[in-house]
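Asks: Sharing a structure below in structure tokens format, with a few things to ask.
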Amino acid sequence: MFSIKTDFKIDNSTGVSEIRISINGPGESGAETSVSHNGYSPGGYSLTVSIDTTPQPDANPPVFWDDGPYAVTFGLCQGECFSSHPHSIVLDTKVGGNFTITGQ
């Protein structure tokens, strides 16, 4: 289990927002999830994400995490991240950390 934290600052109020968390690793390994919010007021915020990398061979579909390095990227958006909807805006993206899996 890994916990990754990101801090961010909002300068102007937003509408409905999304934080997209992408985890990219070796081969086809990785995952993506998002957190929606009704909108942010100006100020500082933190988000911590827990990532369970325990193999789950009995899941449908099975979940495996290959050995190797993984990068975590956070996207902060008004509306839906990376959408073609006219009012969706990517406010910022950043690599928020990394971790390495060995010998599972």
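The values are calculated or read from the model by the stated rules, or taken from the named source; none is laboratory data. Everything numeric in this text was worked out from a predicted model, so none of it was measured. Here the Cβ positions follow ideal geometry from the backbone for every residue, glycine too, while neighbour counts run over all protein chains shown. Calculation scope for accessible area: heavy atoms of the full protein, side chains included, ligands and nucleic acids excluded. Shrake-Rupley method; radii C 1.70, N 1.55, O 1.52, S 1.80 Å.
Asks: Go through the range 91-103 and report how many residues are touching a Leu at 6+ places or on another chain (Cβ under 8 Å) and buried (at least 16 other Cβ atoms within 10 Å of the Cβ).
Replies: 1
Asks: So, one more: For the structure I just gave you, tell me whether Thr33 is touching a residue at least 40 places away in the same chain (Cβ under 8 Å) and open to solvent by 30 Å² or more (accessible area, probe 1.4 Å).
Replies: no
Asks: Oh, and also: Condition first: open to solvent by 70 Å² or more (accessible area, probe 1.4 Å) and at pLDDT below 90. Now tell me which residues in the range 68-88 satisfy that.
Replies: Phe82, Ser84, His85, Pro86, His87
Asks: For residues that are surrounded by 13 or more Cβ atoms within 10 Å (Cβ to Cβ) and under 13 Å from the mean Cα position of the chain (by Cα), tally how many sit in the range 3-29.
Replies: Residues meeting the conditions: 9.
Asks: Another question about this same structure. Would you confirm whether any residue within the range 48-64 is open to solvent by less than 70 Å² (accessible area, probe 1.4 Å), of a type outside the set (Val, Ile, Thr) and at pLDDT 90 or above?
Replies: No, there is no match, as no residue in the range 48-64 is open to solvent by less than 70 Å² (accessible area, probe 1.4 Å), of a type outside the set (Val, Ile, Thr) and at pLDDT 90 or above.
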